[in-house]
Structure formats: structure tokens, C-alpha cells
1. Against the condition under 20 Å from residue 159 (Cα atoms) and more than 12 Å from the chain's Cα centre (by Cα), how does residue 70 come out, does it pass?
2. All but one of (1) farther than 21 Å from residue 4 by Cβ; (2) more than 16 Å from the chain's Cα centre (by Cα); (3) assigned to a loop (DSSP other than H, G, I, E, B) hold for residue 59; state the number of the condition that does not hold.
3. Looking only at the stretch 69-100, count how many residues are buried (at least 23 other Cβ atoms within 10 Å of the Cβ) and either without any contact (Cβ under 8 Å) to a residue 60 or more places away in the chain or assigned to a loop (DSSP other than H, G, I, E, B) (or both).
4. Mind listing whichever residues of the stretch 137-196 are assigned to a helix (DSSP H, G or I) and at positive phi?
5. Looking only at the stretch 24-55, which residues are at pLDDT below 90 and crowded, with 17+ Cβ neighbours inside 10 Å?
6. From 79, 116, 85, grab the single residue that is in contact with a strand residue (DSSP E or B) (Cβ under 9 Å, 6 or more places away or on another chain), under 16 Å from residue 168 (Cβ atoms) and modelled with pLDDT of 95 or more.
7. What's the total number of residues in the stretch 110-152 that are closer than 24 Å to residue 39 by Cα and without any contact (Cβ under 8 Å) to a residue 40 or more places away in the chain?
């Protein structure tokens, strides 16, 4: 656990490609849900953990963490969830995010990203795995939060584009399957279960 890092699980989407269900409640193996797996991986890496959820807030409250709903109306995406936490907790120093539909990521990712940020004197670091960027698993310094509000006010929604504008350092992560496997459809979930 790192006392400078606050964790946020992004679970506020509607899960349309999964059939408009709560993806965090879906089982991935032996009764373990996606939400539970993300919590297992993230909680030891952060000093405090929050969950961004909208329609399924009641489901996530049972885990015992603070659950936030978007301050902005209209389901504007994960950046709106990040902004909502920063409004509630303006004293955050570093924020580490993870999405509920990417249940596996390295157990030391947050500390590695923070170490790189400090060493390179940058305010955000984004992991890259197998050639794919994962902006919603970045570590972000609170000094960037005003730029996030401006970005959303301008009608922008892309986390990757926002972090690129912020000068995010990209970090190549060498991790085996199933790290960073994103599950969006019933077919992907079936294939994921077969591979575990």
C-alpha cells in the first residue's frame, strides 16, 4: 500500500455491449465476480479506495467502500467519474484508476507508475501492454484535475486524448495473460472463462 495513492474503480457505465447489465456482478471464475477481482488486486496498492458507479450503486456499496455517482448528467463516460471523485476528495495527491471490466492487472502497477512519475518529473503515467494503451489504468497527479474539468466542459470525453494533452509518460508493462484483458461482450466473457 502507498499512502500517497488513492484508488478509483470505474464501474459507472451501462454495459450496453454486454446486454445492458452490471458487468461488475458477472462471474469470471468459481463464483468470483469482476468487481471482486478488481478490488482484490487494487486494494493492497492504495491507501483509500472508491468506486464510481451510477445505476448499480447499491450493488457496489455492499463491498464497504465509498461509492460515487457522476456529478454531470448524461453518462459522459469514465472521465466524469474521475471528476466526481476529485470534487468529493480535493485533497487527493495521486489517483490510480482501474476499470471493472478489466479484472486482472499487475499487483504492483500503482507503485511502479508512481515511481516512474516521480523519477521522470511527470504528472501522469499510462501503461502500455502488448502494444495497447490503457489510459484508464493510469496514475494521475492532482495538479492535472483543473485541466480535466476544462476538457469535459469543452465536450471532450476521451481519457487517452486528455492524458496525451497532459504529457503522459507511456510505460511498457510486461505481464502475462490475462492482465489488461478487457471484457465487453458475452462472447468475450465466455472466451475469458475458458482461458482461465
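The values are calculated or read from the model by the stated rules, or taken from the named source; none is laboratory data. Since this is a predicted model, take the numbers as computed values, not measurements. Quick reminder, even Gly has a Cβ in these numbers, built from the backbone with ideal geometry, and neighbours come from all protein chains shown.
1. Details: under 20 Å from residue 159 (Cα atoms): yes; more than 12 Å from the chain's Cα centre (by Cα): yes.
Here the answer is yes, as residue 70 does meet what is asked.
2. (3)
3. Result for the stretch 69-100: 1.
4. Step one: of the stretch 137-196, the residues assigned to a helix (DSSP H, G or I) are 137, 142-153, 159-165, 186-195.
Within the stretch 137-196, no residue meets the criteria.
5. Of the residues in the stretch 24-55, the ones at pLDDT below 90 are 29-31, 54-55.
Of everything in the stretch 24-55, just one residue is at pLDDT below 90 and crowded, with 17+ Cβ neighbours inside 10 Å, namely 54.
6. Working: 79 fails: in contact with a strand residue (DSSP E or B) (Cβ under 9 Å, 6 or more places away or on another chain); 85 fails: under 16 Å from residue 168 (Cβ atoms).
Of the residues listed, the single one that is in contact with a strand residue (DSSP E or B) (Cβ under 9 Å, 6 or more places away or on another chain), under 16 Å from residue 168 (Cβ atoms) and modelled with pLDDT of 95 or more is 116.
7. Total meeting the criteria: 3.
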